[in-house]
Amino acid sequence: MNVALTIALIIVLLSGAVVSSRAIRRGTIGDRAVAMDALTAFITCGLLIASAITGDSAFLDIALVLGLLAFLTSVAVARFIERRGL
Amino acid sequence: MSTFFDIVSAVLILTGAVVAFIAAIGVVRLRDARSAMHAASKPASLGVLLCGAGAVLQLDNVSSVSKLIVVVIIQLVTAPVGAHMLSHGVSSDVDSSDDTYN
């Protein structure tokens, strides 16, 4: 049981690493903003899996704050791109 | 009964992890920012929903379960809105004479 959840956590961490490679490597600011948006979704997935493994509810607090901050960040970056014409 | 819940939860969480991995491959492989957003903004809803549905079967007290439900609802509400704002910002400069994306 714990083995399956650990494998799922490793898969999510691996996909986060793959996505952040795009955010580091290439593209315009829009590419990087899309990659960072996907990265926050993967981190939320990993936090939910970690709370399922350990049964600790502190991970859920982190996931709550991260979800709100990710929404605020993507809206701010989108407004910035739109206003500056990048 | 507990074993049944464990198996269902493991299947849900593994499905969410595989969805997240496919989305990561799509974000890296697709060229355009809007194409990458096509791959990226679906697991932001579906992967978090699957992982949360798997994790809610593992938790046992009421405060954790209600907190997790709030997390999933906030993600389901804000992920499409954030992706919409990002796509509007990204595509506003692509072709300003074309009003398809405006």
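The values are calculated or read from the model by the stated rules, or taken from the named source; none is laboratory data. Predicted model only: the values in this text are computed from it and were never measured. Positions of Cβ are backbone-derived with ideal geometry, glycine not excepted, and every protein chain shown enters the neighbour counts.
General remarks:
- Screening the stretch A:51-60 for residues that are exposed (fewer than 15 other Cβ atoms within 10 Å of the Cβ) and in a helix (DSSP H, G or I) and picking the one that is nearest to the chain's Cα centre (by Cα) gives A:Ala58.
- Of everything in the stretch A:54-64 that is more than 8 Å from chain B (Cβ to nearest Cβ) and at pLDDT 90 or above, the residue that is nearest to B:Ala40 (Cα to Cα) is A:Ile62.
- Restricting the stretch B:10-54 to residues that are more than 7 Å from chain A (Cβ to nearest Cβ) and touching a residue at least 40 places away in the same chain (Cβ under 8 Å), the residue that is surrounded by the fewest Cβ atoms within 10 Å (Cβ to Cβ) is B:Val11.
- Within the stretch A:54-78, residues that are free of Cβ contacts under 8 Å to residues at least 40 places away in the same chain reach partners that are outside any helix (DSSP H, G or I) and among the aliphatic types (A, V, I, L, M) with beta carbons closer than 8 Å, at six or more positions or on different chains, in the pairs A:Gly55/B:Leu59; A:Ser57/B:Leu59.
- Screening B:Ser2 on (1) free of Cβ contacts under 8 Å to residues at least 12 places away in the same chain; (2) more than 7 Å from chain A (Cβ to nearest Cβ); (3) closer than 22 Å to A:Arg32 by Cβ shows it passes everything except condition (3).
- Among the residues listed as A:Leu13, A:Leu48, A:Leu39, A:Leu68, the single one being facing chain B (nearest Cβ under 8 Å) and surrounded by 15 or more Cβ atoms within 10 Å (Cβ to Cβ): A:Leu48
- Residue in the stretch B:64-75 that is under 10 Å from the mean Cα position of the chain (by Cα) and at the interface with chain A (Cβ under 7 Å from one of its Cβ atoms) present: yes
- When residues of the stretch A:16-28 are limited to those that are in contact with a helix residue (DSSP H, G or I) (Cβ under 6 Å, 6 or more places away or on another chain) and more than 7 Å from chain B (Cβ to nearest Cβ), the one modelled with the lowest pLDDT: A:Ala23
- The single condition among (1) within 17 Å of A:Leu39 (Cβ to Cβ); (2) β-branched (Val, Ile, Thr); (3) more than 11 Å from the chain's Cα centre (by Cα) that B:Thr78 does not satisfy is (3).
Rundown of residues vs (1) in contact with a helix residue (DSSP H, G or I) (Cβ under 7 Å, 6 or more places away or on another chain); (2) within 19 Å of A:Ala52 (Cα to Cα); (3) assigned to a helix (DSSP H, G or I), yes/no style:
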position: B:Val8; (1), (2), (3): no, yes, yes
position: B:Thr15; (1), (2), (3): yes, yes, yes
position: B:Val19; (1), (2), (3): yes, yes, yes
position: B:Ala39; (1), (2), (3): yes, no, yes
position: B:Leu49; (1), (2), (3): yes, yes, yes
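- The criterion of being hydrophobic (A, V, I, L, M, F, W, C), facing chain B (nearest Cβ under 8 Å) and over 14 Å from the mean Cα position of the chain (by Cα) holds for A:Leu5.
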